[in-house]
Structure formats: C-alpha cells, structure tokens
Amino acid sequence: MTMERATSQPTMQDVARLAGVSSKTVSNVINNHPNVSAATRTRVEGAIAQLGYKLNLAARNLRSGRSGVIGLAIPSLTVAYFAELAEAAITAAERHGLVVQIERTGSLERERALLDSPRLQHIDGLIFNPMDHHAEELRSVRLTLPTIVLGDHPVGGATIHISTDQRAAAALATEQLLLTGRRRIAAIGARSEDTHGGAAQRLAGYRSALSRAGIDRDDALIVEADPWNQVNGAAAMLELLQRGVSFDAVFAFNDSLALGAMRALGDAGRRIPADVAVIGIDNIAESKYSLPSLTTIDLGSHQIAETAVRLLAEQFAHDMQPGPQRLLVDFALVARESTAIHPKS
C-alpha cells in the first residue's frame with residue numbers, strides 16, 4: 001500500500017523566487033504599501049495567483065501579537081450611508097489581511113460604553129464615526145488603542161481625523177439649485193441642539209450660498225429632522241407642506257431624507273423637478289435608481305473608509321503612533337434628474 005505525500009502549501013519565499021523579488025517586497029505588496037512600483041506589484045500578484053499562495057493570518061498575528069481584527073463604530077446600520085461605509089471598510093480591510101468588527105452605537109451613552117469596553121482589548125485598532133452632534137462630550141474619554149476618527153470631533157485626544165468640508169459641500173448643493181433658477185429653497189435636516197456637527201455645518205453652507213446669491217433668510221423654509229432617514233424625510237416634507245410656505249426646491253441634508261421627501265412630494269401631487277427640484281448629500285446607491293434619479297453630493301465615503309483602514313494597517317506594519325493628521329477627502333456633485341431644468345406647464 002502506498003501513500004501519497006501531502007503537497008506543502010506555497011510560502012512567501014516561493015512567491016518571492018517566482019516573482020524574482022525579495023520576501024520583503026512580497027510582504028509590501030500583500031500589505032498594500034505605496035512604495036511598490038506597478039510593474040513589481042503586477043509580477044508579485046501574478047506569482048501569488050499562479051502558486052495559489054494564501055497568507056497565514058493566524059501565524060502572522062501570533063508572531064506580531066495582534067489579533068488581525070479592527071473595529072468600526074458607526075451610529076446606525078439602517079442609514080444607508082453608514083451601511084455603505086461599513087461595506088467599503090470591510091473590502092479595504094480584506095486587502096490588508098484584516099477583519100472588521102462592526103459596532104453600532106446609536107447614542108452618546110453607547111459610544112461612551114464602547115470606548116470604555118473590555119471588548120476593545122481584543123482588537124488592534126478602531127475606526128470611529130461618532131454621532132457628531134454630541135461628539136464634544138467625548139473629548140475627555142481615554143483612548144486605549146490606535147483610533148481613526150471620521151470627522152473633526154475631539155474624541156479622547158485622537159490624533160488622526162478624516163473628514164470632508166461639509167459646509168462647502170452643502171453650499172455646492174444649494175448653488176446647484178440656484179443655477180437651475182430656484183429661489184425658494186427649503187432645507188430638511190436641521191437640528192436645533194447641533195451647534196458644531198454635521199447638521200450645523202450643512203445649515204451654515206446652505207445659508208452662506210443663499211446669502212451670496214442675495215436671497216433673504218427665511219427660517220420657515222427650514223425643517224428639523226433627526227435621525228436622517230427616509231421616514232423623517234417624509235415627515236419633514238409633510239410639515240413643510242402644512243406650513244403653507246411657497247418653495248420650488250429642497251436641499252435635504254442627506255440622501256435618505258431626500259428620498260423620503262420625494263415620496264411625500266409625489267403623494268402631494270408635486271412634480272419633481274417641474275414643481276420642486278430636490279438634492280441630497282452622500283450619493284448612496286439607491287439615489288441613482290430613484291424615480292426621478294436623485295442629484296446629490298458624493299462625500300467620498302469609499303475613499304474615507306479605504307484611507308482609514310490603510311492608516312491603521314500602516315501603524316500596525318511600522319509599530320508606530322503617527323503625529324496629528326487631518327485629512328480632507330474631496331467631494332463632488334453628481335447631477336441627475338431631480339434637479340434638471342424643467343419648464344413649468
């Protein structure tokens with residue numbers, strides 16, 4: 001009786017020999033380090049595919065003393081923006097050989113509990129997107145692991161922040177409505193208790209764009225909504241309609257609010273964009289397929305997630321704590337049907 005000898009799994013050294021590079025270069029490719037040329041990266045990735053090489057995460061993490069798990073703390077999974085952010089973070093983490101543990105916070109109390117939780121002892125780093133209208137209250141917490149904060153919030157002395165200029169993004173959204181000839185522009189999503197967070201920044205951008213256009217402030221056109229979901233977008237639009245004020249456009253502070261408002265407008269017999277133009281912020285996947293499709297501002301959620309994961313991976317690879325960084329991600333207008341110039345009939 002003969003027994004076949006088990007075929008050994010290919011090693012990183014095997015990949016290096018086939019690609020004609022050092023093992024360090026193979027490691028750099030696997031960890032997505034930027035200092036690898038495109039040609040070398042292609043050659044190494046080809047060798048990995050040819051050999052069927054798989055990174056032994058358990059052995060690597062045992063040697064490094066790390067778990068290979070990072071946390072992503074977000075306020076909600078029912079808000080499409082955060083769900084898509086989580087998906088982008090998971091995809092980016094896979095490229096770095098990391099696993100993402102999702103934490104849903106939803107309140108200041110749950111955020112505090114998470115940051116003080118022994119669960120954090122089992123992850124290597126944290127990407128934290130706080131509920132921004134209460135984030136100032138997290139200034140005094142003590143962070144115990146590498147943390148990337150999404151936004152400019154002063155959380156526990158964290159040194160790395162990734163954000164977008166929300167005021168400028170809101171101004172761009174309002175200016176797009178102005179360019180289509182709209183002058184009575186409503187805003188949905190304000191929060192009276194928010195003085196520094198996203199709602200405050202978007203309200204300020206809206207007001208600044210109107211002011212530059214010489215349009216007087218009319219607070220009757222501003223409706224509060226919290227949280228920013230479709231249910232509250234529809235409710236805010238019903239409130240606006242019940243006020244009896246005239247308006248020919250709506251700037252919703254995110255796409256979910258905009259989609260809810262569009263449904264309420266349709267139910268009320270208002271045509272979009274003939275009677276009312278609508279714009280949102282976030283460029284969630286659903287916005288492309290609404291009827292009409294929703295004009296929006298893309299805040300770069302995929303780039304935010306990818307940058308946050310990369311920065312954590314670099315800290316792990318080099319075992320260092322970087323100095324203070326504030327990274328601004330670009331935003332862009334995505335023009336669709338809901339703001340098209342449409343002659344009234």
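Numerical summary
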item	result
Flag if L257 is in contact with a helix residue (DSSP H, G or I) (Cβ under 8 Å, 6 or more places away or on another chain) and either open to solvent by less than 40 Å² (accessible area, probe 1.4 Å) or in contact (Cβ under 8 Å) with a residue 60 or more places away in the chain (or both)	yes
Residues that are assigned to a helix (DSSP H, G or I) and either acidic (D, E) or surrounded by 16 or more Cβ atoms within 10 Å (Cβ to Cβ) (or both), drawn from segment 214-233	D219, L221, Q230, N232, G233
Criterion violated by D165 - all others in (1) of a type outside the set (G, A, S); (2) in contact with a Ser or Thr (Cβ under 7 Å, 6 or more places away or on another chain); (3) open to solvent by 10 Å² or more (accessible area, probe 1.4 Å) satisfied	(2)
Single residue of A83, A89 found to be touching a strand residue (DSSP E or B) at 6+ places or on another chain (Cβ under 9 Å) and crowded, with 20+ Cβ neighbours inside 10 Å	A89
Among (1) in contact with a helix residue (DSSP H, G or I) (Cβ under 6 Å, 6 or more places away or on another chain); (2) under 20 Å from D298 (Cα atoms) - the single one A173 does not satisfy	(1)
Checklist (1) free of Cβ contacts under 8 Å to residues at least 24 places away in the same chain; (2) within 17 Å of the chain's Cα centre (by Cα) applied to H302, failing item	(1)
Failed criterion for D267 (all others in (1) open to solvent by less than 60 Å² (accessible area, probe 1.4 Å); (2) on the phi < 0 side of the Ramachandran plot; (3) not small (G, A, S) hold)	(1)
Set V29, V36, V44, V15: member being among the β-branched types (V, I, T), surrounded by 15 or more Cβ atoms within 10 Å (Cβ to Cβ), part of a helix (DSSP H, G or I) and at pLDDT below 85	V29
Failed item, numbered, when V149 is tested on (1) part of a helix (DSSP H, G or I); (2) open to solvent by less than 50 Å² (accessible area, probe 1.4 Å); (3) without any contact (Cβ under 8 Å) to a residue 60 or more places away in the chain	(1)
Residue match in segment 95-104 (condition: open to solvent by 10 Å² or more (accessible area, probe 1.4 Å) and closer than 22 Å to H196 by Cα)	no
So S211, is it in a loop (DSSP other than H, G, I, E, B) and either farther than 19 Å from Q166 by Cβ or open to solvent by 30 Å² or more (accessible area, probe 1.4 Å) (or both)	no
Residue among A200, A204 that is outside any loop (DSSP other than H, G, I, E, B), open to solvent by less than 70 Å² (accessible area, probe 1.4 Å) and out of contact with any Lys or Arg (no Cβ under 7 Å at 6 or more places or on another chain)	A200
Any hit, segment 242-253, residues being under 23 Å from the mean Cα position of the chain (by Cα), assigned to a loop (DSSP other than H, G, I, E, B) and modelled with pLDDT under 95	no
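The values are calculated or read from the model by the stated rules, or taken from the named source; none is laboratory data. Nothing here was measured: the structure is a model prediction, and the numbers come from that model. With ideal geometry, Cβ positions are generated from the backbone for all residues, glycine too; neighbour counts draw on all protein chains shown. What goes into the accessible areas is simple: the full protein's heavy atoms, side chains included, and nothing from ligands, DNA or RNA. Shrake-Rupley method; radii C 1.70, N 1.55, O 1.52, S 1.80 Å.
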